[in-house]
Amino acid sequence: MTKSVAVINDLSGFGKCSLTAAIAVLSVMGIQPCPLPTAILTNQTGYKNHYCYDFSEHMPFYTDMWAKNNARFDGIYSGYIAGERQVDFIKDFINKFKMSDTKIVVDPVMGDNGQLYPPYNKTTCDKIRELAKTADIITPNLTELCLLSGADFNSVTEKSSSGFFFEHIENIAKNAISHDNMKIAVTGIKKDGYIYNGVFERGNAQFFRSKEYGSSFSGTGDIFSSIICGSILNDISLSEAVEKATSFIEEVIKDTVKAPYEKNHGIDFEKYLYKLALQRE
Ligand code: PXL
């Protein structure tokens, strides 16, 4: 039977992020995404203008109706939230629907390049830190990893990097791990013309790199987390999943930058999606 994931994230008209990325990626990986919107936006918040409709009021209907209809999920995967009260909602949702083998993937979306996204603030970040503790796998970018572990982002920028750069990041990741079974897949570690993604599990660290093609694009973190979520549900190891996500995103970015691009629009992943499809008998 096809596995299903409750995907708690926003729906943005432009930006190829959040639910738009998750629905496409999970579907091609053979997993059924069940979207639970946190907000509906005209476009992601990086554009000059955006309108956001906070979906909080409607979210409890999903819990109620899905519970009444005996919905079951193999995974619960959360991302962008429109306000801190949604964190409590997500925690309750997890408590209600988590079964012994349900995988909990939390993308602790808070910011990038050392900056918070609107409308995030310190209170939201504190709450997301609590939510992250309930996860089996978290998929922060480097900014979010620092926010989770209380580390200074300035200590992990290229300018600040010492010979112990990766050891330093490993230590930061260790501080973000809140229980023995938690695994972390970190994106966006920039160094010497490469972007590294890291895997931290049971005291081990592994890094996979791709060439850096200039810009940081909207939605790449969401594509990354969705590939991780889909892979885990397909019983692929986290390191294999991160390796796969790293090379997939690198290939798409390499193609995207061949033509004039706008980083807010995201990357041209649609025509490459077939590469994520599992070969099934
Ligand atoms: O990709 C992260 C993200 C998700 N959703 C919205 C965003 C952003 C990043 O800016 O604005 C609405």
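The values are calculated or read from the model by the stated rules, or taken from the named source; none is laboratory data. What you see is a predicted model, and the numbers here were worked out from it, not measured in a lab. Ideal geometry is used to build each Cβ from the backbone, glycine not excepted, and the neighbour counts take in all protein chains shown. Only protein heavy atoms, including side chains, enter the accessible area calculation; ligands, DNA and RNA are left aside. Shrake-Rupley method; radii C 1.70, N 1.55, O 1.52, S 1.80 Å.
Which of the residues spanning the stretch 40-77 are exposed (fewer than 12 other Cβ atoms within 10 Å of the Cβ) and aromatic (F, W, Y)? Scanning the stretch 40-77 gives Y51, F61.
Within the stretch 158-182, the set of residues being over 19 Å from V199 (Cα atoms) and open to solvent by less than 90 Å² (accessible area, probe 1.4 Å) comprises E158, S160, S161, S162, G163.
Taking every residue in the stretch 169-188 that is over 17 Å from V242 (Cβ atoms) and pairing it with any residue that is open to solvent by 50 Å² or more (accessible area, probe 1.4 Å) and among the charged types (D, E, K, R), at least 6 positions away or on another chain, the pairs with Cβ-Cβ distances below 9 Å are S178/R129; S178/K133; H179/K133; D180/R202; N181/R202. A count restricted to the stretch 101-141 and to residues that are of a type in the set (S, T, N, Q), within 16 Å of the ligand (Cβ to nearest atom) and open to solvent by less than 60 Å² (accessible area, probe 1.4 Å) stands at 3. Each residue in the stretch 196-241 was checked for being surrounded by 21 or more Cβ atoms within 10 Å (Cβ to Cβ) and within 16 Å of the ligand (Cβ to nearest atom), and 14 of them qualify. A24 meets each of the listed conditions (1) within 13 Å of the ligand (Cβ to nearest atom); (2) open to solvent by less than 60 Å² (accessible area, probe 1.4 Å); (3) closer than 15 Å to I267 by Cβ apart from (1). A Cβ distance below 7 Å, combined with a sequence gap of six or more or placement on separate chains, defines the contacts here; from the stretch 97-118, residues that are over 26 Å from Y53 (Cα atoms) reach no residue that is within 11 Å of the ligand (Cβ to nearest atom) and hydroxyl-bearing (S, T, Y).
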